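Single-structure report; data block below.
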Amino acid sequence: MRRELIDELLGVLGPAGVIHEPTRLLAYECDGLALLRQRPALVLLPRTTDECSRAMRILHREKIPVVGRGAGTGLSGGATPVEGGVLVGFGRMRDVLEVNVADRYARVQAGVVNVDLTLAVEKHGLFYAPDPSSQAACTIGGNVGENSGGPHCFKHGATTRHILGLVIVRDDGSVLDLALPQADPLGYDLVGLFVGSEGMFGLATEITVALVPTPPVTETFLAIFTDLDSACDAVSDAIAAKLEPSALEILDRLTIQAVEASVFAAGYPREAEAVLLIEAEGTEVEVEATLAPMKAIAQKRGAIDMRRARSAAERKKLWAGRKGAFGAMGRIAPDLYVADVVVPRTKLRELVAESTRIAREKRLKLANVFHAGDGNLHPNISYDRRDPDEVKRVLAASDEIMKVVVAAGGSLTGEHGVGLEKQEFMSLVFNDDDLRAMCRVREAWDPEGRMNPGKLIPVHACREMRGTEKPR
Amino acid sequence: MKPLELVDYAKSLDCIHCGLCLRTCPTYQLTGAEPSSPRGRIYLMRAVAEGELAATDPQYREEMDFCLACRHCESVCPAGVRFGEMIETARAGLEKVQPRGIVARTARRIGFGTILRSRFWLSLMATSMRIGQRSGIARLMGKLGRPLVEMPEVPPKSERAPLPAHSPAVGPRKGEVAMLEGCAMRELYGRVNRATVEVLTHIGYDTRVPTKHVCCGALHAHNGEIEGARELARSTIEHFEREGSGPIIVNSAGCGAHMRAYGHLLAEDVAWRERAGRFAARVRDFSEFVAPELPADKKGSLDKDLGVLAYDDPCHLCHGQQIRSQPRTLLERSGAARVDLPDSESCCGSAGIYSLLRPDDSKAVFAKKAAAFRACGAETLVTANPGCHMQWESGLRREGVRARVLHVAEVIAAALRKSRAR
């Protein structure tokens, strides 16, 4: 990066807002997907929307590509830098700007950590519902970019259901203020369009989110199974019976063992082949109406034990274990590939079995921990990125799992986004017309294609699009 | 120097890059910058091991020096990464490949090599510090004297006297313990040591103190002086082996956490590693040892004397030794009113000699703690580590907050005195 450009940006953001030393840039090479790495040319850490806007104007003038980054916990490479590009990080934009208890919304800067938002509003009897497993680290801005989910999104819906307004810094540095906290958008729903755009439409700097009242009663149960298939079947039955607990999570034996060896040991029985974590919330009557049939289903499907969390502390422990599962897999191998596919909930058992078979064939270690209620599978494959052959097998397995899932009527991603990881698989689900439509929307937001280029849309579709447009 | 000798490569592979450590890290909180986070630092260590980054790089040193080694990240790491050990190894590696300037080198040699190894020099240093503070010389020294001006006053010689080598149990005798007097503790907080003995003897333990012992070497290990740390560890083991085989009571969290890790520190020393392991198994923190021994009915009433207490977890007690409930249990039993200090497990910025080496960063980290203390409404802050004790005393004074700072042992000793008087 040119010295005078660095100096100009230092003038806007100050020394704490510009990282240009090669060594420090090294730490930004990858997000949660360590398989794909690229050192950014520069990292900017603005403190406010205004600083972000002024910096973006300079980058626009210089035609430099820009990648946004929250906490770098994404698992699809959405925040992987691009060669010669600048990373705009939100680590310094961590202010909760406003909490409106009566109207049940909060306005936050994009770098606010998901759990900090809930901690900031819980004293008012409110919470922010989407709770990705990385919620102790990931940011609301990153959640907007990826339309993140989480265990409780089974009941409450993913991020997009909870975003009321946004302040967006666009590719040219202009600021689009869509921050009115109203539930029903007037005119085109630009906010809805922006959520899940994976940083390709602009950078959300301030976010207005809906807050949900803390339910009067929450009950958490752990159903213990001697095989994974039965746990899957119990969930399929629950969906068929139209039950609506707030969360239905499955952890398999390998995951249980990793979690139980960690600081987040939750008391999951190590000898179980699978546990089903069930949570219901509402009034006492509602909770009972959900849990009684749910327990009957689990028992019918062969659950050998049902354990109830007897206190808020016990419940917290059960969830901390679930949410620490990704990190806990560090005990098994240096790297973890977290696949993220959605399957029809009638086919949980067979697709979990299929991914297990695929991993076994490729001599890979697979652990399952997933949002069963949503049909959102996470086949977790342990590997060591220093072993090129193993990396190849991991990618091949992921490829096969996605194909099997799509063939069964499923989808490529539940909550991690497409990013770099799955862009080539988009063609499995969308035809060229679909992809062209997406390219056009993208062009409307970012005509030069400078925002997070090379992500989400398969390379061939973009090329084709540019090919057809140019001769005009 | 091979890269693999400069960092702990095997441990760096435990990190799966999940990022759960970011939010707890004091330097990430200050900067929002990835390389100043545990995950980022591990990434840089791994890059050194894999030959992608030269350990001679000045920015690498800066990020390793910037870390407070509070080990908060360890308490939230699902993969069980042992960051405290990793940062010590990385710093020791840096000392090998990045020679410091002549001034820093000399200061370190005097500090780690001479003062911290000799009671004579420690005492002389304390005396001259006190003279500097009381005469106003420190004030005249400008920037150089500033740390001395800002720190709490060094107590007079009479309060820095050694503990008796043997203090018999009061009342029915339950057994015998050895106690660490400590290098800084004796010079700066002799009253904490005396309170510790008072409590230990009160609950029925003969308390033996190896008065010739000076320093456990924790500061050496935290600052990359790994050989010095090993020498002091061996000498500490010898001193305490002469005091029987009972529990070794430590009232300084940093020392306790370090002494418990002697087995790791001397793991490659065939002649010593078993002795080190046996020694480490004897180490008990003051609260850990006393809490189960102090009967619940010995309630004093301290409200009027101390006001409302707030307990701040020293990092090397909660993250380093997983001791959280025992000090609180003791404080409950003292009969004093207590409120929770928000974010009590986050670092106060003392971090051994960090507050001297990087005063501005240390103060920035403390600012949040001061705000939390103000908000919680307590009148007395309770800690369990001399570094934190000093940081709180000087920090609250700087921020204009009138409050007392006490060690857990002082609170308990006061409560026992009170219940005896009744």
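Readers should treat all values here as calculations from the given coordinates under stated rules, not as data from a laboratory. Because the structure is a prediction, the values reported are computed rather than measured. Ideal geometry is used to build each Cβ from the backbone, glycine not excepted, and the neighbour counts take in all protein chains shown.
Nearest 5 percent is fine: what portion of the DSSP beta bridges confined to the range A:1-136 is antiparallel? Of those bridges, close to 45 percent are antiparallel.
Remark: B:H264, B:H202, B:H222 ranked as B:H264, B:H202, B:H222, counting other beta-carbon atoms within 10 Å and listing the fewest first.
Centroid-to-centroid, using Cα positions, the range B:24-38 and the range A:377-418 are 32 Å apart.
Each part gets one Cα centre, and for the range A:169-233 versus the range B:375-390 those centres are 41 Å apart.
Pairs spanning more than 27 Å between alpha-carbon atoms, out of A:K155/A:K300; A:K295/A:K323; A:K316/A:K365; A:K242/A:K362: A:K316/A:K365; A:K242/A:K362. Rounded to the nearest 500, the 222 nm mean residue ellipticity of the protein assembly as shown from helices alone is -12500 deg cm²/dmol, with -39,500 (n - 2.57) taken per DSSP H run of at least 4 residues.
Would you compute the Debye intensity of the range B:303-421 from its alpha-carbon atoms alone, equal scatterers and no solvent, and pass along log10 I(q)/I(0) at q = 0.23 Å⁻¹ to two decimals? Values, matching the q order: -1.38. In plain terms, the residue of B:Y9, A:Y337 with the fewest other Cβ atoms within 10 Å comes first and the most crowded comes last, giving B:Y9, A:Y337.
Excluding same-chain neighbours fewer than eight residues apart, the aspartates and glutamates reachable from A:K63 by a Cα-Cα span under 14 Å are A:E83, A:D171, A:D172, A:D446, A:E448.
Between the amide H of A:V67 and those of A:V86, A:L87, A:V88, A:N452, distances stay under 5 Å, these residues lying 5 or more places away or on another chain, with hydrogens modeled in the peptide plane. Partner shielding of A:11-17 amounts to 1, given as the average count of beta-carbon atoms from other chains within 10 Å of each residue beta-carbon.
In straight-distance terms, cross-link reach from B:K157 covers every one of the lysines whose alpha-carbon lies under 26 Å from its own, apart from those fewer than eight places away in the same chain; here that gives B:K212. Here the range A:96-213 is assigned +1 on the Cβ of each Lys and Arg and -1 on the Cβ of each Asp and Glu. Its dipole about the Cα centre then comes out at about 320 debye. For the peptide A:226-239, the mean number of other protein chain Cβ atoms found within 10 angstrom of a residue's Cβ is 0.
The label-point distance for A:A179 and A:L36, in a model that sets each label 7 Å from Cα toward Cβ, rounds to 3.2 nm. For A:K365, the residues whose modelled amide H falls within less than 5 Å of its own, excluding neighbours fewer than 5 places apart on the same chain, are A:S382. Looking at the range B:255-298, the pairs of alpha carbons with a distance over 16 Å make up 47% of the total. Over every Cα atom in the protein assembly as shown, the radius of gyration and the widest Cα-Cα span, Dmax, amount to 29.1, 100 Å. For a straight C-alpha distance cut-off of 22 angstrom, the lysines reachable from B:K2 (same-chain residues fewer than eight places away being disregarded) are B:K11, B:K96.
Among A:R440, B:R191, the ranking by other beta carbons within 10 Å of each residue's beta carbon, starting with the fewest, stands as A:R440, B:R191. Farthest towards the positive end of the charge dipole of the range B:3-97, among the residues B:P58, B:A10, B:G93, is the Cα of B:A10, using unit charges on the Cβ of Lys, Arg, Asp and Glu.
Using θ = phi - 60° in the Karplus curve 6.51 cos²θ - 1.76 cosθ + 1.60, the 3J(HN,Hα) couplings for the range A:302-318 round to x, 4, 8, 7, 10, 10, 9, 5, 8, 8, 4, 5, 5, 4, 4, 5, 4 Hz; x is entered for Gly and Pro.
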